[in-house]
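This report refers to the structure that appears directly beneath it.
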Amino acid sequence: MFQSNSLMTRIAVAKSLGFLFGLLAFFTVPVFWPQISGRALWGLLFWYTTLGAVVGLFGVFTWHPILKMRMPWWFRGPSLGIWLNFLLMLFIYDNWVLVMADSMFASPIWFIIEGAVLGLLIDWLATRIGGEGAQIVVNDEARKTSVVID
């Protein structure tokens with residue numbers, strides 16, 4: 001089930017890394033923001049797990065059909081991390097400003113940069129272990145439909 005150059009392996013690695021980053025946020029954010037709600041902490045855990053899942057799934061795409069350009073892991077992962085954290089910032093900006101008012105990280109750009117770094121790390125490791133491109137889907141399909149004769 002978990003073999004190299006497999007979509008399943010890629011998604012499992014990416015989701016696991018996202019979950020680990022989510023756990024890190026789950027336990028460290030209350031240090032900086034003691035009044036954070038439990039619901040927000042669970043939201044962070046699930047957010048980073050989802051970020052990992054999206055990065056893992058997008059590993060199939062190595063070519064952008066509209067822009068006609070390659071999308072290697074070092075471009076794809078950070079782009080997804082930037083985009084997803086930017087979207088989240090659109091929803092949480094008011095709370096972000098209240099929490100980070102006296103911090104050197106008051107600008108939301110730091111959260112977006114964090115998304116780029118995490119996307120880069122997740123996509124690098126997922127590509128290294130699980131592969132990328134259409135070949136990982138073909139490999140999974142071939143394994144699923146192959147008949148083993150003893």
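Here, each number is a calculation from the coordinates, and none is a lab measurement. Not measured: the values here are computed from a predicted model. Don't worry about glycine lacking a Cβ; one is built from the backbone with ideal geometry, like all the others, and counts go over all protein chains shown.
What to note about this one:
- Ranked by how many other Cβ atoms sit within 10 Å of their own Cβ, fewest first, the residues Arg128, Arg70 fall in the order Arg70, Arg128.
- Computed over the chain, the range of Cα coordinates on each principal axis works out to 65, 38, 21 Å, biggest value leading.
- A simple charge model with +1 on the Cβ of Lys and Arg, -1 on the Cβ of Asp and Glu and nothing else charged puts the dipole of the chain at about 260 debye relative to its Cα centre.
- Exposure proxy shown here: for Ile82, Ile109, Ile136, the number of other Cβ atoms within 10 Å sets the order, fewest to most, as Ile109, Ile82, Ile136.
- Screening the chain for whole DSSP H helices with an alpha carbon extent of at least 20 angstrom along the helix axis and a mean Kyte-Doolittle hydropathy of at least -0.5 yields 7-32, 38-57, 73-99, 109-130.
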